[in-house]
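Contents: one structure, followed by commentary.
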Amino acid sequence: MAQNRFATEIYFDLNDKRKIPALGLGTIPSGDPKGVKDQVIAAVEAGYRHIDTAWYYGSEKYIGEALRELSAKGVKREDLFITTKVWPSFYHSPEKSLDKSLHDLGTNYVDLLLQHWPVCLRGGEDGTPTEPKDKDGNLLYDDDPVTGEKFIDVYNAIEDIKLNTDKVKSVGVSNYSIPKLKQLLPNVKKFVPAVNQIEYHPQLPQKDLTDFCAEHGILVEAYSPVGGPGAPVIKLPYVNELAEKYDVSPNEVINAYHILENRSVIPRSSNLERIQTNIRLPKLTKDELRTLYQIGVVKPTRYTNDPWGYGLGFRYWKGDTLSKNFD
Ligand code: NDP
């Protein structure tokens, strides 16, 4: 078997001439967010240069602590790629949201600022509550999630930050379906999103969306690569068969599934050894990549079915009968 390369060595080009490391560390906390500090340090020491976070995750302060410690050890800020996001309840003030993130991260810029969802939720001035609800438990929106267009203004405001300040290098989106991208693209001020960060793994076919992104020069980033808590994706028999064949872990097979198809991938783990060892890149064949994809074609499963995603035009959204039209 040919020697595996390292996923940490691969970089992709963005549409704004910048580069993004293919493998990033996800930072939704598993339990106590303080643990994220050691996860980031472990990752960077193992060669990761890409950290994915969001104001919503509550882990930025601990990433900031890790960055300070790494800086003292000689890791340069400019060698890292840090992403943060503007949550829907902070849609009214993307720059304020970013300023909070920058303060906690202890840096004066992020490499990538994403609109977390194309949705506007009724948060207060400080962005809270993050999931505003009425007394019956229904989400409180400030614009109709299905027909509204305010989400476009939010992306435009994110573009303004790039146009008018030095606080972001690249801008992009997350959780954009084809219909939402079709609404957005004719209305960008200057910057086509560099990235669309979406749920993607072998159980969730997304070829139409990734083809659409590729046609428009938008890099796809795969979140929940092993399906989130419980890691259901790494239990798939074919993933394990490939792991055995290439003498790597199932997690590395999944990372390769994305990276070999030019998608960035951002796994997370509270297990430092897992973070540090899951960095090899097995050279899966085209046939193997196709077989992995077919798992989801036969039995599609989406693990993130949050209520604010309802009606956005995604395939296989649990219970969402609106999300079927891709024309
Ligand atoms: P992942 O798909 O990376 O799954 C992480 C979970 O899988 C953890 O609970 C981890 O447990 C477990 N796991 C991983 N490997 C194994 C293994 N070998 N054996 C047992 N358990 C395992 O999760 P996320 O959903 O968090 O996605 C990754 C990142 O993507 C996030 O952290 C975030 O940065 C981003 N994201 C973005 C979203 C968006 O809306 N833009 C939405 C969701 C995620 P353990 O800790 O024990 O390793």
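After finding the eigenvalues of the alpha carbon gyration tensor for the stretch 52-195, what semi-axes result from the square roots of 5 times each, listed largest first in whole Å? Display every interim value, and only then the final one.
Working: eigenvalues 148, 72, 26 Å².
Largest first, the stretch 52-195 gives 27, 19, 11 Å.
Sort 271-284, 87-100 by the packing proxy (mean of other Cβ within 10 Å over each peptide's residues), most packed first. Don't skip to the answer; put the middle values down first.
Details: 271-284: 17.9, 87-100: 21.9.
Those peptides, ordered most packed to least, come out 87-100, 271-284.
Over the stretch 179-327, what is the relative contact order in whole percent, taking alpha-carbon pairs under 8 Å and six or more residues apart? Could you put the intermediate results ahead of the total?
On the way: 186 pairs, mean separation 37.0, N = 149.
Answer for the stretch 179-327 is 25 percent.
Cross-link list Lys17/Lys190; Lys182/Lys286; Lys61/Lys235; Lys37/Lys73; Lys85/Lys286; Lys96/Lys189: which exceed 23 angstrom alpha carbon to alpha carbon?
Over 23 Å Cα-Cα: Lys182/Lys286; Lys61/Lys235; Lys85/Lys286.
Between Asp16 and Tyr293, what length in nm is gained on full extension when 0.36 nm per residue of separation is reduced by their alpha carbon distance? Please list the in-between numbers first.
Details: separation 277, 0.36 × 277 = 99.72 nm, distance 2.93 nm.
Separation in residues times 0.36 nm, less the Cα-Cα distance, equals 96.8 nm.
Quick check for you: with a 1.4 Å probe and neighbouring chains kept, what is the accessible area per residue of the stretch 5-309, in Å²? List each step's numbers first, then the result.
Numbers: 12650 Å² over 305 residues.
The answer is 41 Å² per residue.
Two decimals is fine: what is log10 I(q)/I(0) at q = 0.13 Å⁻¹ for the stretch 5-309, from a Debye sum with one equal scatterer on every Cα and no solvent?
Log-scaled intensity ratios, in q order: -0.91.
Of the beta bridges DSSP finds with both residues in the chain, what % are antiparallel, to the nearest 5? Intermediate results must be reported in sequence, preceding the final value.
Details: 8 of 32 bridges.
Antiparallel bridges make up about 25 percent of those DSSP assigns within the chain.
I need to check one value: relative contact order of the chain, counting alpha carbon pairs closer than 8 Å and at least 6 residues apart, in percent. Numbers along the way, then the final one.
Numbers: 626 pairs, mean separation 60.6, N = 327.
Contact order relative to length: 19 percent.
Run the simple label-point estimate for Thr277 and Asp153 please: 7 Å along Cα→C-beta, distance reported in nm.
Label at Thr277, label at Asp153, 5.2 nm between them.
Would you mind putting 62-74, 106-118 in packing order, based on average other-beta-carbon counts within 10 Å, highest first?
For the peptides 62-74, 106-118, the packing ranking is 106-118, 62-74.
The values are calculated or read from the model by the stated rules, or taken from the named source; none is laboratory data. Given the structure is predicted, the values throughout are model-derived calculations rather than measurements. Please note: Cβ atoms are built from the backbone with ideal geometry, for glycine as well, and neighbour counts cover all protein chains shown. Ligands, DNA and RNA are stripped out before the accessible areas are found, and what is left, the full protein with its side chains, is counted by its heavy atoms. Shrake-Rupley method; radii C 1.70, N 1.55, O 1.52, S 1.80 Å.
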